[in-house]
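Notes follow once the structure below has been shown.
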Amino acid sequence: MSGIEKIQVVVTNIVRLNELVTRFEFKRTDGKLLPTFSGGAHTVVEMQDGEITRLNPYSLMSDPMCQRAYAISVRRDDEGRGGSLFMHNKVSVGDNMVISYPINLFSLDLRAKKHLFIAGGIGITPFLAQIKQLDRFNGYWNLHYSCRSESLGSYVDELTDQHPNETHVYYDDKDQQIDLVKLLEGQPLGTHVYVCGPKGMIDWVCNTASKEGWPREAIHYEEFLAPKPGKPFEVKLAVSGKVIQVGEQESLLEAIEREGIDAPYLCRGGACGQCETAVIDYAGNFIHRDHWLGEDEHKSGQKIMPCVSRFEGKILVLDR
Amino acid sequence: MSKFTFPESIKSRPVYGTLAMRDGPAHLLVADGHGAEAILDVATPIMMTKAHIIYLPKGEKFANRLRSLNPISFYSGPSYSAATSRLVKVLSDAKMGLQVYLAGTEGLIGQAQNAAMEAGIPHNAIQTEHRGSIARRMQCVHCKGITEDVEIDPFICEHCGLSLFVRDHYSRRLAAYQGVCIDAEDPGNIPKSKGIYE
Amino acid sequence: MTIQFNDETFRDDYSFFNSERAIKRFPFPFHEDSYMYSVNMEQHRGGPVDSIYEKRFDVDEHYVAEMRDRALVLADDPLRCQSLPHMTLAGWDLLELIMVTKSEDYPDLFKLHRDGNKWRWVNKPLGIDDKFVFLDETTLPYGPMEYITRQAQGDFCVLDQRDDNLWMDAGMVTTQADWSLDFDIGMNFFEWHAPVPLAHEKGIFVRALKFLLNIQQGAPARRLNWTMTVNPLLDTSPENYHKWGIQKTTLTPKNIGAKQHLRVELQTFFRLPRSNGLVFPIRCYLCSFQDIMTVPKWGRRLHRVIRDLPEELATYKGFIDNRPMMLEYLKNFDDGLPTSLGIWPEIDTEPKLQK
């Protein structure tokens, strides 16, 4: 479906890192090797949660060169729609699951003379794989990692043990903050900055770097939005000739898939543009939440990203 | 001097703009000949407090006016080749956020852009403004030799002697347009040369 | 199936030939009686038995001779193979992809033994048996991309993906349809396609790029492209155009059937896992007009396509001057009967030439 290859895996290990974050490890069910990947790649994990099939993207954090097992880390989100809760509460060692082939929308720029990583909380995960990749090829990198507290600092010990000179950790509860302007000002020409974390942090880093004269091409970020719940609404799908209901707890994309209609996707988080869908007719208001469409496109009423965006109103007809 | 408007062309052909100051911790301005006028247009006293200027007069008399802008450093030299080590030094000392402004002939802009790209600045982030001669820097696709300041089409490769027609296909890496043998399918039948934009 | 490798040349005496089997599996590029650019991409997941689509990298009777020709081109001009410094990992990706797939698809010709990083590669047709350490450039005689593409038919463009674009940052290009890697290396997708007429205006490249950027691991794609070449010359490079261009003027009504070749590129696209790059192999197949005419459906169709092709395309593809002579020849093989859709020869079902 949708051009993404799937892999049957078995859960081989579950490690609770702290109050919020748990690591899951997968091996192939058929005992063969997993595909290699590049640092920054994610996999889409399929969860059979009762009647609902959830597809959530998680960054691969294991060594990209290691083909025996993949690892992801999942932060529990008690307010979310239940994907992370499903992983935390319902998945056990030995379970069979389906994951996608690795997809990389947050790739290293291998021309960079230096890689500057800025992570907030669970945003550390793609960097763990990128650091392993760079280490193997003697890449030059630095990490600035901001966590809420020592007890919630996932992988801090591992990083500071193995990379004491490259790793810089900041704890919110100790009022430690990255001195971003100074950090950016000091970087040699050819440095690329990568940021992954909460939206506020991403905006802060992107805007500050831009103000400091950094070229757009040297600023990289990844933020997967989780779809937010909302009021139920009705959609007419013109191509498949169906009228479907989007429930409170599901995304428009999930509702389309539930009806057995093949819709393209890659990130399921409003970033990659793959699920972009043309609007044929509407009467009501769009709730656009993606990073893909521009402001003009949001206002135009001609396009929607069904992975994260919703609709409130009477009529919505999509070209799907 | 009035600015030349290049005809619309294919996607590999560079497009030049008008220099405008952008925020950044430092500025590097490189120009030849009449490109000096573009620097004079964009320069402000505040900008000059953190600016380096590299200038190749090529017979024009703007050097003193540029120097009196009082940049942090000023260099005036006889050729691009002579200026190269100076340019590389400024780039290797620079930090992220350096703004690069290039003005003058296509040959100068292309070569300096290449040096800035080598230093790690994406080409889109480098500002360029064309001034002065419309001559092109041409690479002969056959012998790989570069012929500078080509104004006519076809022209004779100064390395291998073939008659080449002037393409709009442009390589940033070589900072040159492509020249291809014009009489390969009809040896000796070489049309009369005319100006590239005639 | 065992392959009998031809002893043949692609230069000087041009002893290149296609066996009957090779003609039957020639990738005739026109699925209908006319041609215009399109984003004619499809999944590259096998195809009919013994067709060029069957294996991920097709190996045919020209393999050994093509590799010999590549070595001659590189000895003359090493700039045909270049890799910018950040592309070494992608080169290893390509080496791994080709070694793994060829040893799986042609176990009687190629063998790969892997013990962790210690690899042994056996290429029987070329008489190669090398041991090396994977990801260690010091253990190979060339860089990884050059090493493996000296043993693989077709050109290879290795593309870096960044800033929502693809960048031609490495390649092995010795069987090209008149473009220069040395000139184009470092360009983005729109720039290296800049000289192509009409397609930009039609939005072809914008759509094609969007498709290519989203090609994922394990899901390769393919398309066909074509041009014309006088004599079975693989290396139609701009570098040597002043030497081979003259050959276009040697066509006569008498020799055109043997000398004029339809040149078809099987272009495939694979995501490279370790570098997140994309490899774009461009495999060139040549077939003389007279061999194509042995398939009645192809004879009828080629005449109609060449006759109706827009002038810009005939010029860009370099045969505008020879088109009238081509049509004089081709019209003898067009009896006006309808043709079936699709590229396959359909020798058993299409009527014989009614002339």
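The values are calculated or read from the model by the stated rules, or taken from the named source; none is laboratory data. Note that the coordinates shown come from a computational prediction; the quantities given were computed from them, not determined experimentally. Cβ: placed from backbone, ideal geometry, glycine included. Neighbour counts: every protein chain shown.
Screening A:Ser210 on (1) modelled with pLDDT of 95 or more; (2) more than 30 Å from A:Lys114 (Cβ to Cβ) shows it passes everything except condition (2). Residues in segment B:1-16 that are closer than 22 Å to B:Phe62 by Cβ and within 13 Å of the chain's Cα centre (by Cα): B:Tyr16 alone. Screening A:Ser73 against (1) assigned to a strand (DSSP E or B); (2) more than 28 Å from A:Tyr140 (Cα to Cα) leaves a single unmet condition, (2). The residues on offer are B:Ala125, B:Ala103, B:Ala112, and the sole one that is within 14 Å of chain A (Cβ to nearest Cβ), buried (at least 17 other Cβ atoms within 10 Å of the Cβ), modelled with pLDDT of 95 or more and under 26 Å from B:Thr5 (Cα atoms) is B:Ala125. For segment A:66-103, a tally of residues being buried (at least 21 other Cβ atoms within 10 Å of the Cβ) and closer than 17 Å to A:Pro227 by Cα returns 5.
Suppose the filter is of a type in the set (Ser, Thr, Tyr), over 30 Å from B:Leu174 (Cα atoms), surrounded by 18 or more Cβ atoms within 10 Å (Cβ to Cβ) and in contact (Cβ under 8 Å) with a residue 24 or more places away in the chain; does C:Tyr63 pass it? Yes. Within segment A:94-116, the set of residues being closer than 16 Å to A:Gln187 by Cα and outside any loop (DSSP other than H, G, I, E, B) comprises A:Lys114, A:His115, A:Leu116. Scan segment A:43-65 and tell me whether some residue there is among the aliphatic types (A, V, I, L, M), surrounded by fewer than 19 Cβ atoms within 10 Å (Cβ to Cβ), part of a loop (DSSP other than H, G, I, E, B) and at pLDDT 95 or above. No, that holds for no residue. Return the pairs, sorted by first residue and then second, in which the second residue is part of a helix (DSSP H, G or I) and crowded, with 17+ Cβ neighbours inside 10 Å, the first residue lies in segment A:204-217 and is at the interface with chain B (Cβ under 7 Å from one of its Cβ atoms), the beta carbons are less than 6 Å apart, and the residues are 6+ apart or on different chains. Listed pairs, sorted by first residue: A:Glu212/A:Leu184; A:Pro215/B:Ala125.
Within the set B:Arg167, B:Arg136, the sole residue that is buried (at least 18 other Cβ atoms within 10 Å of the Cβ), more than 14 Å from every other protein chain (Cβ to nearest Cβ), at pLDDT 95 or above and within 30 Å of C:Asn165 (Cβ to Cβ) turns out to be B:Arg136. Against the conditions (1) over 20 Å from the mean Cα position of the chain (by Cα); (2) at pLDDT below 95, C:Ile3 satisfies every one except (1). Restricting the first member to segment C:157-171 and to residues that are without any contact (Cβ under 8 Å) to a residue 60 or more places away in the chain, and the second to residues that are assigned to a strand (DSSP E or B) and hydrophobic (A, V, I, L, M, F, W, C), the beta-carbon pairs closer than 7 Å and six or more apart or on different chains are C:Trp167/C:Leu159; C:Met168/C:Cys157; C:Met168/C:Leu159. Name the helices (runs of 4 or more DSSP H) wholly inside segment C:184-276 in which the number of residues that are within 14 Å of chain B (Cβ to nearest Cβ) is 2 or more. So the answer is C:189-192, C:204-213, C:241-244. The set of residues from segment A:286-306 being crowded, with 23+ Cβ neighbours inside 10 Å, modelled with pLDDT of 90 or more and within 19 Å of the chain's Cα centre (by Cα) comprises A:Met305, A:Pro306. From A:Val308, A:Val279, grab the single residue that is out of contact with any helix residue (DSSP H, G or I) (no Cβ under 6 Å at 6 or more places or on another chain), without any contact (Cβ under 8 Å) to a residue 60 or more places away in the chain and outside the structural domain of A:Tyr194 (by TED's automatic domain parsing). Selected residue: A:Val279, the only one of A:Val308, A:Val279 that is out of contact with any helix residue (DSSP H, G or I) (no Cβ under 6 Å at 6 or more places or on another chain), without any contact (Cβ under 8 Å) to a residue 60 or more places away in the chain and outside the structural domain of A:Tyr194 (by TED's automatic domain parsing).
Kindly establish whether C:Leu84 is modelled with pLDDT of 95 or more, under 21 Å from the mean Cα position of the chain (by Cα) and hydrophobic (A, V, I, L, M, F, W, C). It is false that C:Leu84 is modelled with pLDDT of 95 or more, under 21 Å from the mean Cα position of the chain (by Cα) and hydrophobic (A, V, I, L, M, F, W, C).
Of the strands (runs of 3 or more DSSP E) lying entirely inside segment A:202-265, those containing at least 1 residues that are among the polar types (S, T, N, Q), outside the structural domain of A:Pro126 (by TED's automatic domain parsing) and more than 30 Å from A:Leu110 (Cα to Cα) are A:242-246. Note on segment C:261-292: among residues that are among the aromatic types (Phe, Trp, Tyr) and within 13 Å of C:Ala90 (Cα to Cα), the one that is surrounded by the most Cβ atoms within 10 Å (Cβ to Cβ) is C:Phe270.
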